[in-house]
């Protein structure tokens with residue numbers, strides 16, 4: 001949807017167990033704190049096909065930070081870096097490395113969203129505030145979630161500018177072509193030992209979400225490692241948050257590795273949707289994005305497991321794309337290697353052909369691929 005779109009219409013219910021009292025209309029943007037926003041912006045533009053949208057920094061009156069806003073279809077990334085030593089931004093980057101700080105949620109009423117969540121037990125990040133410029137106004141409010149991750153509620157129905165007040169349009173000569181990414185399908189959070197149910201309860205009690213599915217250590221395990229996961233979703237299904245925690249295994253799981261290097265709970269990966277995963281992954285690979293690979297044997301019997309699909313198997317095998325099926329249809333998915341220096345944040349590319357699940361049939365192959373990468377880093 002366009003930046004100026006707003007709606008109070010009743011959205012279709014996909015998760016009837018959710019109360020959806022906010023309601024949430026979608027993901028407005030994801031903000032990452034990074035060490036060098038200019039260079040990070042170039043990476044996400046060049047490698048991922050994001051387009052320049054807006055900028056804030058010294059030229060717009062900011063003295064302590066700079067932010068570049070990128071967009072590809074409905075996905076918006078904000079990359080923010082400090083301009084001076086000290087302060088919260090530097091502390092966050094020193095502790096966590098580059099990583100997701102803000103998951104911003106698009107709402108019709110940011111004040112109501114704040115009031116409804118805080119009265120249910122959310123810890124305030126900041127109270128509702130209104131930002132204004134010649135293009136209109138945006139209302140923001142925020143609450144804390146797991147680790148140092150926060151949700152910011154964004155009400156932009158009365159705004160027609162490029163992003164929000166305080167930013168100016170950013171229109172450089174370099175305008176890379178899209179790679180076909182459409183929207184954020186889901187975002188996964190990693191939390192510590194025995195914390196998953198705490199945050200599942202948080203999203204149910206504080207935000208009105210309901211559980212879609214759960215996976216235990218029997219579902220997500222290999223010879224060496226295991227984890228547990230529960231997927232929380234709002235009523236219209238536009239926001240899905242799987243929450244992972246470690247489980248006992250013979251060696252250190254990817255969740256433990258993440259928490260060790262991120263120094264706490266945080267966003268593990270963004271799942272970005274496409275309508276043509278073969279074209280998207282091919283374009284990303286050509287631009288330098290590295291993906292996890294699975295053994296060729298995975299494809300020997302995959303069609304026996306998932307049944308007939310529309311795509312030819314050969315390009316899926318060449319690119320390393322995984323396939324899984326549920327009662328609603330099938331999905332295609334692939335995962336990058338960590339996209340940062342620390343083995344923390346990575347990206348999933350997903351194409352849904354009716355399926356509403358998360359690739360349970362691929363867990364073993366995927367996690368063995370992750371373990372091979374962990375072994376190469378000496379962290380397994």
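The values are calculated or read from the model by the stated rules, or taken from the named source; none is laboratory data. In this text, all values refer to a predicted model and were calculated from it rather than measured experimentally. All Cβ positions, glycine included, derive from the backbone under ideal geometry; neighbour counts span all protein chains shown.
What the table shows:
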| read-out | value |
| --- | --- |
| From 270, 380, 303, residue being exposed (fewer than 15 other Cβ atoms within 10 Å of the Cβ) and either touching a helix residue (DSSP H, G or I) at 6+ places or on another chain (Cβ under 7 Å) or part of a strand (DSSP E or B) (or both) | 303 |
| Selection status of residue 257, at pLDDT below 90, assigned by TED's automatic domain parsing to the domain that holds residue 344, part of a helix (DSSP H, G or I) and more than 17 Å from the chain's Cα centre (by Cα) | yes |
| Qualifying residue in region 17-35 (condition: in contact with a helix residue (DSSP H, G or I) (Cβ under 9 Å, 6 or more places away or on another chain), over 25 Å from residue 114 (Cβ atoms), modelled with pLDDT of 95 or more and assigned by TED's automatic domain parsing to the domain that holds residue 161) | yes |
| Tally of residues being without any contact (Cβ under 8 Å) to a residue 40 or more places away in the chain and surrounded by 18 or more Cβ atoms within 10 Å (Cβ to Cβ) across region 250-267 | 2 |
| Listing of strands (runs of 3 or more DSSP E) fully contained in region 1-120 that carry 2 or more residues being over 24 Å from residue 180 (Cβ atoms) | 51-56, 65-72, 75-82, 99-106 |
| Which listed residue, of 186, 173, is under 24 Å from the mean Cα position of the chain (by Cα) and under 30 Å from residue 286 (Cα atoms) | 186 |
| So residue 329, is it free of Cβ contacts under 8 Å to residues at least 60 places away in the same chain and touching a strand residue (DSSP E or B) at 6+ places or on another chain (Cβ under 6 Å) | yes |
| Residue check, residue 292 closer than 23 Å to residue 178 by Cα, in the same structural domain as residue 202 (by TED's automatic domain parsing) and at pLDDT 95 or above | no |
